[in-house]
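No value in this document is a laboratory result; all are computed from the given coordinates. Note that the coordinates shown come from a computational prediction; the quantities given were computed from them, not determined experimentally. We place every Cβ from the backbone using ideal geometry, glycine too, and count neighbours over all the protein chains shown.
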Amino acid sequence: MLHPHEKTRNITVRSAPEAIKTLRLRIHDKGRLSVVVKRAPCALLNYELLHEDLFFETSGEFFGVWERVKPILREGREKWANPLFLTNLEKAAARFEAWSNIRTPGAIAAMRQMMK
């Protein structure tokens, strides 16, 4: 259980079953998996309801979440029989990477290196 002052905790999972187990264990914690929180803003962005520059300049956390779930995404989509699972996060991450490579070349590579 998270300390009341702890807002987030990095969680790395290597498979869909591990993600399900982790989510079940943390569903009542204040530190729910970030992926749950990041999906709605990404959908708003993809439906052009959020200004791209505003969203990307003020929120890059979703990209870190994407980098963590990307390795297990295919397995998760198959397990839940939902080929659309996290597609808004995926699309927003692709847009952010292209946007970032134009404005801050090298930042994505540095972020990925830091996350190793």
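Where does the charge balance sit around His51 when Lys and Arg score +1, Asp and Glu -1, over other residues with C-beta under 13 Å from its C-beta?
That works out to -3.
Where Lys and Arg each count +1 and Asp and Glu each count -1, what net charge lies around Phe85 among other residues with Cβ under 11 Å from its Cβ?
+1
Restricting to DSSP loop positions (anything but H, G, I, E, B) with no more than 11 other Cβ atoms inside 10 Å of their own Cβ, which GluC sites (Glu not before Pro) remain in the stretch 44-116?
Those that pass, being in a loop and sparsely packed, are Glu48.
For a test of the definition: using alpha carbon positions, the gyration tensor, and the 1.5 limit on a/c, classify the stretch 40-79 as rounded, prolate or oblate.
In terms of gyration-tensor shape, oblate.
Tell me which residues come under 5 Å, amide H to amide H, from Leu50 once H is placed; ignore anything under 5 positions away on its chain.
Amide H neighbours of Leu50: Leu45.
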